[in-house]
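Asks: If you scroll down you'll find the structure; I have some questions about it.
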């Protein structure tokens, strides 16, 4: 079978500032919540932190040249907030502005489009001292940061993203505590959800007021939830509630200006404190956007478990393939998700802003890095996305996570997602076989299986 994508389909790679830049305190940069979190013993698997990552701060020209050689048309990156505002607000760090302008100008010089994420989880630690995203004022802090970036980089950016995965910030950072800032309080996490979405709305509103012309949207991490037993009403209900908690809790306010009522009623019955919603909040959150970005990697299978809280369900791994970080390989979930999002929300455009596979990669005796499992994964997931697009889903682009191996959050450097292998001791870059495969996909605007 041959997959032939439309001429204007956008291929790219995705990255994030904290995961690649390093230089955590260089040139006036302030501390972020991840700078703090990664230095607390027990938070990161294996040794290491993001202090050096893969040294993109110093090596950006080398990496961008490599992206050009591989024919990558679009490079997604993020702005490290405390590199611009070391204190979170107030005085702008001109060195930070100059650095990102140099990176964006380098991309432009090499003929690569820039997709820029404003917030990819690196809140200034000084703002965390004031409550961070639990503080309603956080939306105002973010608006000021966003306006500064729009003004400083607007002439060099092809696509703007307000937030990356607010679900991860809220639930990972404030409910499970596995991500920075490491808080474990579900009710607080719900207030964080609301403040993040208000911040998104304020940034979009500011962008429209400033008259910039590139497209702007948000990236949500979504995946499908299936009941373990298709005929079991308890499993079916829990799968539905998990889908509301992970997907609809964010998309419903953005596209419908409401929160999922069934979920909120259920949580109230479980003694969860719902977020404080003030007049005008939902209208603000529901600012029209130009596209929805989806980060999606796996699907979950849910079984009812009355002992769990707040949702009475647990994930049950099926007897299928898993990636090196334990995520189940379910390509059909990509198809089902795209069809569901299109039917439920009718976004103008959809971009797969992250999809990829963690593999146990190593350098062979011939000096090459062969990763056939990653290629197989990508073929299946891109194929599933193609099928949804052929059936009317307005899918306009696909970005692989990620360009180079990096500091993979709480996994540290133990999980490799990159198309390009990084030897962390020498920082040498070696394109994997998947990088060359993806280069051919881009060149041919499709592939055969």
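The values are calculated or read from the model by the stated rules, or taken from the named source; none is laboratory data. Worth saying up front: this structure is predicted, and the values here are computed from it rather than measured. Methodologically, a virtual Cβ is constructed for each residue, glycine included, from the backbone with ideal geometry; neighbour enumeration extends over all protein chains shown.
Asks: Run down 139, 146, 114 and say which single residue is within 22 Å of residue 218 (Cβ to Cβ) and without any contact (Cβ under 8 Å) to a residue 60 or more places away in the chain.
Replies: 114
Asks: Take residue 27 and decide whether it is at pLDDT 95 or above and in contact with a helix residue (DSSP H, G or I) (Cβ under 7 Å, 6 or more places away or on another chain).
Replies: yes
Asks: Going through the stretch 328-349 one residue at a time, which ones are over 15 Å from residue 385 (Cβ atoms) and surrounded by fewer than 17 Cβ atoms within 10 Å (Cβ to Cβ)?
Replies: 343, 344, 345, 346, 348, listed by residue number.
Asks: Of the conditions (1) surrounded by fewer than 22 Cβ atoms within 10 Å (Cβ to Cβ); (2) under 22 Å from residue 143 (Cβ atoms), residue 236 fails just one. Which one is it?
Replies: Result: residue 236 fails condition (2) only.
Asks: While we're looking at this one, here's another question. Since residue 216 meets every condition but one in (1) assigned to a helix (DSSP H, G or I); (2) farther than 30 Å from residue 315 by Cα; (3) touching a helix residue (DSSP H, G or I) at 6+ places or on another chain (Cβ under 9 Å), which condition does it not meet?
Replies: The number of the failed condition is (1).
Asks: Just checking, does the stretch 320-337 include any residue being assigned to a loop (DSSP other than H, G, I, E, B) and more than 21 Å from the chain's Cα centre (by Cα)?
Replies: Yes: one or more hits.
Asks: Let me confirm something: among 382, 442, which residue is within 20 Å of residue 297 (Cβ to Cβ), in contact with a strand residue (DSSP E or B) (Cβ under 8 Å, 6 or more places away or on another chain) and assigned to a helix (DSSP H, G or I)?
Replies: Going through 382, 442 in turn, the sole match is 382.
Asks: Now for a different question. Could you tell me whether residue 279 is modelled with pLDDT of 95 or more and either within 24 Å of residue 189 (Cβ to Cβ) or under 18 Å from the mean Cα position of the chain (by Cα) (or both)?
Replies: Spelling it out, residue 279 is indeed modelled with pLDDT of 95 or more and either within 24 Å of residue 189 (Cβ to Cβ) or under 18 Å from the mean Cα position of the chain (by Cα) (or both).
Asks: Of all residues in the stretch 161-211 being free of Cβ contacts under 8 Å to residues at least 60 places away in the same chain and part of a strand (DSSP E or B), which is nearest to residue 273 (Cα to Cα)?
Replies: Among residues in the stretch 161-211 that are free of Cβ contacts under 8 Å to residues at least 60 places away in the same chain and part of a strand (DSSP E or B), the one nearest to residue 273 (Cα to Cα) is 163.
Asks: Please work out if residue 182 is under 14 Å from the mean Cα position of the chain (by Cα), surrounded by fewer than 24 Cβ atoms within 10 Å (Cβ to Cβ) and at pLDDT 95 or above.
Replies: So residue 182 does not fit the description; no.
Residues checked against (1) within 20 Å of residue 149 (Cα to Cα); (2) without any contact (Cβ under 8 Å) to a residue 24 or more places away in the chain; (3) exposed (fewer than 15 other Cβ atoms within 10 Å of the Cβ):
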| site | (1), (2), (3) |
| --- | --- |
| 3 | no, no, no |
| 10 | no, no, no |
| 26 | yes, no, yes |
| 29 | yes, no, no |
| 49 | no, no, no |
| 61 | no, no, yes |
| 68 | no, no, no |
